[in-house]
């Protein structure tokens with residue numbers, strides 16, 4: 001698996017890009033370009049926070065809305081997504097699955113890896129070409145507020161150009177035999193497809209078939225998920241004569257041009273700030289000192305801390321990094337089993353999928369047209385039920401520890417209480433702001449970033465200009481990798497719509513639901529999302545199946561808040577389930593464990609989570625009680 005690393009601290013130097021090491025004459029300028037792009041992405045993220053925060057101040061306190069703020073913030077997000085995605089590509093840290101490639105002979109591995117690099121380069125070149133066509137078409141057009149139409153297209157052009165440079169640098173990093181051999185193999189396969197469709201038009205490969213082949217082939221090669229999606233969509237656009245090429249980049253960009261998605265980078269940044277300014281360590285230390293001597297106390301603290309931090313960062317990687325960075329040293333110092341702790345940490349992340357302001361809840365609400373505030377409320381009780389279920393198992397299989405062994409140096413109690421209180425205020429502010437409907441999730445997330453910055457500077461004195469700069473850079477990269485998946489999946493969704501796949505799936509699932517009932521339809525939907533949540537990654541599974549299945553659920557009388565909640569939990573279950581789940585690999589990387597060692601102790605937690613998930617499906621009241629009480 002390849003995945004974005006959430007482990008480096010704010011003061012840690014980022015690794016040298018693997019594709020830039022051997023050719024120093026070319027590598028040094030490219031590495032410098034990538035670092036410049038990273039810092040520019042961080043600067044754009046900072047500007048976006050300022051724009052949204054200032055617009056909130058003007059709207060709610062000065063009662064003078066800034067009309068252009070939302071459009072400028074969305075334009076800045078386009079820069080953030082494509083520049084951030086380019087830098088993550090340069091460091092080869094996009095999320096991908098190499099399980100399928102690993103099933104093939106080892107001697108094929110280098111060629112397959114480089115074939116994937118060349119395909120990524122081809123996708124980047126095609127995206128750049130398509131965006132240039134879109135740029136020409138955008139001249140003379142204006143946005144709704146009167147800004148020039150090209151304001152959103154230039155970042156896509158430049159970002160895709162950077163992707164091309166970094167992708168080629170990664171592709172040529174290898175032996176001449178492997179590099180040229182993989183390039184010629186890709187070129188020969190492409191030429192064969194073109195020749196077949198040109199000279200045998202009666203039996204030409206259909207665009208839908210090429211889309212499927214590109215998707216399966218990308219997974220087998222172990223390519224990053226975002227480029228698997230972009231590649232499969234690209235094949236469709238190239239094979240479909242009725243679609244001009246500029247529509248490809250237009251659909252990719254359309255996947256990110258939504259103000260609500262700004263909550264993703266903002267909440268990721270807030271979580272990383274909370275980790276770095278000392279909030280997370282103080283809260284976990286307090287929990288350890290209070291509950292550490294209880295049987296299974298360390299497991300209960302893991303569950304509780306993950307729930308707390310999920311209500312800030314919204315990102316599972318950020319949650320695991322924040323909790324694991326403090327819990328795992330305590331686990332080892334007190335003589336506990338690190339594999340058991342890592343297993344519970346991963347399952348706690350599944351539990352926390354529906355705790356506001358989870359990124360996947362935002363994405364589900366966005367793609368399925370479900371109230372995000374309603375989803376946040378609907379997810380609280382199911383998360384509590386899942387937490388209690390995990391807590392019971394943690395107590396049964398856990399043991400007592402001596403909290404004094406967990407810390408090399410104990411903080412004084414009063415400052416520790418004060419620090420934990422500052423963290424709880426932030427968590428309460430976010431939860432109240434999002435679920436009350438007073439402000440949007442994006443606006444609340446901007447406030448959370450500002451609060452974490454001020455608290456880190458005034459209350460703890462643990463943030464420096466250098467560390468804050470690195471946090472903005474790191475957050476921009478993480479957000480770019482997440483949102484580029486959304487962008488690529490948007491182009492696939494467009495192609496599937498042209499092929500009328502949603503209608504076909506809708507008819508099939510509708511027939512199933514009418515024949516077997518709404519409950520069986522919901523259980524089947526959960527199983528589908530679990531499988532694809534493991535094979536893909538959380539966001540693509542939701543983006544593809546959320547819009548397909550939600551309308552059917554509505555027609556069958558299933559409440560959309562109930563449906564959205566159980567689907568997000570199911571996606572999280574697949575994301576962290578062995579042997580494929582990307583979230584589990586990320587957890588092992590963060591905790592310093594191995595998947596094969598974590599899988600066995602994890603089975604009991606997964607069994608309890610699955611049983612509880614079935615209960616949540618069968619009893620909608622768990623999801624609907626709180627929204628109903630509050631009139632949603």
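The values are calculated or read from the model by the stated rules, or taken from the named source; none is laboratory data. For clarity, every value in this text was computed on a predicted model and none was experimentally measured. Cβ coordinates were reconstructed from backbone atoms using ideal geometry, including for glycine residues, and neighbour counts include every protein chain displayed.
Brief remarks on what is shown
- Criterion violated by residue 229 - all others in (1) in the same structural domain as residue 198 (by TED's automatic domain parsing); (2) surrounded by fewer than 24 Cβ atoms within 10 Å (Cβ to Cβ) satisfied: (2)
- When the test is whether a residue is under 24 Å from residue 595 (Cβ atoms) and modelled with pLDDT under 90, residue 365 does not pass it.
- Considering (1) within 15 Å of residue 475 (Cα to Cα); (2) in contact with a helix residue (DSSP H, G or I) (Cβ under 8 Å, 6 or more places away or on another chain), the lone condition that residue 73 does not fulfil carries the number (1).
- Hits in the range 172-196 (condition: modelled with pLDDT of 90 or more, within 26 Å of residue 132 (Cβ to Cβ) and in contact with a helix residue (DSSP H, G or I) (Cβ under 7 Å, 6 or more places away or on another chain)): 183, 186
- Considering (1) surrounded by 17 or more Cβ atoms within 10 Å (Cβ to Cβ); (2) touching a residue at least 24 places away in the same chain (Cβ under 8 Å); (3) on the phi < 0 side of the Ramachandran plot, the lone condition that residue 147 does not fulfil carries the number (1).
- Test result for residue 54, surrounded by fewer than 17 Cβ atoms within 10 Å (Cβ to Cβ), over 16 Å from residue 269 (Cα atoms) and modelled with pLDDT of 85 or more: yes
- Tally of residues being part of a helix (DSSP H, G or I) and closer than 16 Å to residue 79 by Cβ across the range 150-191: 13
- Search result, residues across the range 497-513 that are in contact (Cβ under 8 Å) with a residue 60 or more places away in the chain and in contact with a helix residue (DSSP H, G or I) (Cβ under 6 Å, 6 or more places away or on another chain): 499
- Selection of the range 269-315 for residues being at pLDDT 75 or above and on the phi > 0 side of the Ramachandran plot yields only 296.
- Verdict on residue 541 being closer than 27 Å to residue 606 by Cα and either modelled with pLDDT under 90 or part of a helix (DSSP H, G or I) (or both): yes
- Filter pass, residue 614 being touching a residue at least 12 places away in the same chain (Cβ under 8 Å), assigned by TED's automatic domain parsing to the domain that holds residue 559, under 26 Å from the mean Cα position of the chain (by Cα) and surrounded by fewer than 20 Cβ atoms within 10 Å (Cβ to Cβ): yes
- Criterion: in the same structural domain as residue 218 (by TED's automatic domain parsing), farther than 10 Å from residue 480 by Cβ and in a loop (DSSP other than H, G, I, E, B) - qualifying residue of 74, 55, 92: 92
- Exactly one residue among 552, 528 is in contact with a helix residue (DSSP H, G or I) (Cβ under 9 Å, 6 or more places away or on another chain), farther than 22 Å from residue 486 by Cα and free of Cβ contacts under 8 Å to residues at least 60 places away in the same chain, and that residue is 552.
- All of (1) modelled with pLDDT under 85; (2) under 18 Å from residue 217 (Cβ atoms); (3) within 22 Å of the chain's Cα centre (by Cα) hold for residue 101 with one exception: (3).
For every residue, the table says whether it meets (1) modelled with pLDDT of 90 or more; (2) assigned to a helix (DSSP H, G or I); (3) out of contact with any strand residue (DSSP E or B) (no Cβ under 6 Å at 6 or more places or on another chain).
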position	(1), (2), (3)
109	no, yes, yes
113	no, yes, yes
116	yes, yes, yes
119	yes, yes, yes
127	yes, yes, yes
131	yes, yes, yes
137	no, yes, yes
145	no, no, yes
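- Residue match in the range 217-228 (condition: over 21 Å from residue 495 (Cα atoms) and in a helix (DSSP H, G or I)): yes
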